[in-house]
Every structure is written in structure tokens, then in C-alpha cells.
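Structure record follows, encoded as C-alpha cells.
What follows is calculated from the coordinates using simple rules that are stated; it is not laboratory data. Remember, predicted model here, so these are calculated numbers, not experimental data.
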Amino acid sequence: MAEEGSIRFAFRLYAAALLCLSIVPAPCKAQATPADAPIVQPGAPGHSNKTLTAATAAGPHREPSEADVKFMQDMIMHHGQAVEMTELLKTRSHNTEVQAIGDRINVSQTDELRYMKQWLQDRGKPLASEHDSMAGMDMSGMDMADMAMMPGMLTPRQMDTLRKSTGSTFDHLFLTGMIQHHTGAVNMVKQLFNTQGAGQDPQLFDFANDVDNTQLAEIDFMQHMLKKEHQ
């Protein structure tokens, strides 16, 4: 659990760094936190924050819901494709800005992959979802080229096009594809919090909010980079 806490803290620092770097012109100032400061639980998208006692913040031990487990299992596959996309940058792009945002995404999503696997293992849950099990099914009669496995994931045809491109064409496809990918992840978070009984696990709640905040900041950053293509 100590590792989970350190990773969550790293996620927050990463999101804050992105906001400072790309969007917010004013400097971010570190503020001292009093020992008796109230514990504020960030609200889910569209919901207000809550002030919690220490006992409430610790939360009771409870089994994760089926939706919680599926969210983590699906997000492992989702993050896996994002990491694969960032690996392509090493040989197909010469744009230092695109490489920089790709490196950040690679580091953060690799850390999140470890976190999600540990979260599932700690609760005795399998790492693979039903989407993974479909890999062993006979789909030879189906055209899967334009079918995405999950919201926002690039289709096999899109991934093939990305692998075959280089230079500025690759950079554009990478940015538009990663915006599509991140938008899908944000929608998966919304779906989780809209599911009755889901998202009550404190660690999952923090993680899902970190994914939402970080990827929304990265979407804004990449949209800004795309606008610069036309300047």
C-alpha cells in the first residue's frame, strides 16, 4: 500500500507539472499543509468536493464491485496500447516536442500499469478482462481492421497506418491518435463513476481521478501542439 501512495503522489505531481508547463502561465506555488488540515476528497467530474474525517478517509475494507475490477482490467489493455504508441516515437519522429510529451505519457502510463496490476493482485482478482480472452477466439471470418477494442483505442488499421508513417505525418497521426485515445480513457472514468456502487474503493477513486485530471491536461497540451502545425 505504501507503493500505491507514492505512485498516486507521483501522478498528482505529474499532472501539476503538465498544467504549469503547457497551460497555466502563472507559476504554481507549493503551499505548506497544516497537520490538522481537513481532508478533502476531490469530486468526480460534475460533482462537488467532500470534506472527510481521518476515519472516513481511511474507508472500510470492502470487496471491489464488478465494475471496479473490469475498469482496472480494461484500463490495463487501454494503457498498453498508449505505451506501444509512445515506443514508436523512438524511430519515427524527430520532433523534440512530440517526443517530450510521448516520453511523459510513456513514464506515467507505465507506472499506472504497475499500479493497476498491483491493485488487482492485492484483491485477488485476475489481470485479464474478457476482452483479453477474446484474443483466443476464432475471428477469422470477421473484418476487425476498423474495430476498436475499447473507447478511444486505435483500430488495427489506425495502428498499422501509424507504424508505417514517419516524420511530420507520424507526428500528426500520433497527436490525433493519442487525443482520441485519452478521450476514450476519460469516458471510461465517467462510465465508472456513473455506475451504481462503483468507484467506492478509496485507492480506485484516487486513481481514476488522477487518470481523468492527467489525461485531460495532456489532451489540452496536444491540442495546442496541433494548432501550432498551422502557424
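If a/c stays under 1.5 just call it rounded; otherwise compare a/b with b/c (prolate if a/b is bigger, oblate if not). Do that for the range 146-231, with a ≥ b ≥ c from the square roots of the Cα gyration tensor eigenvalues. Present the calculation step by step, with values, prior to reporting the outcome.
Details: a/c = 3.40, a/b = 1.75, b/c = 1.94.
Verdict is oblate for the range 146-231.
Lysines within cross-link reach of Lys90: Cα-Cα under 20 Å, excluding same-chain residues under 8 positions apart? In chain and number order, the partners are Lys164. Cross-link partners for Lys70 among the lysines, with Cα-Cα distance under 29 Å and sequence neighbours closer than 8 places in the same chain left out: Lys50, Lys117, Lys125, Lys190. Cross-link reach is defined here as a Cα-Cα straight distance under 22 Å, omitting same-chain residues fewer than 8 places apart; for Lys227 none of the lysines meet it.
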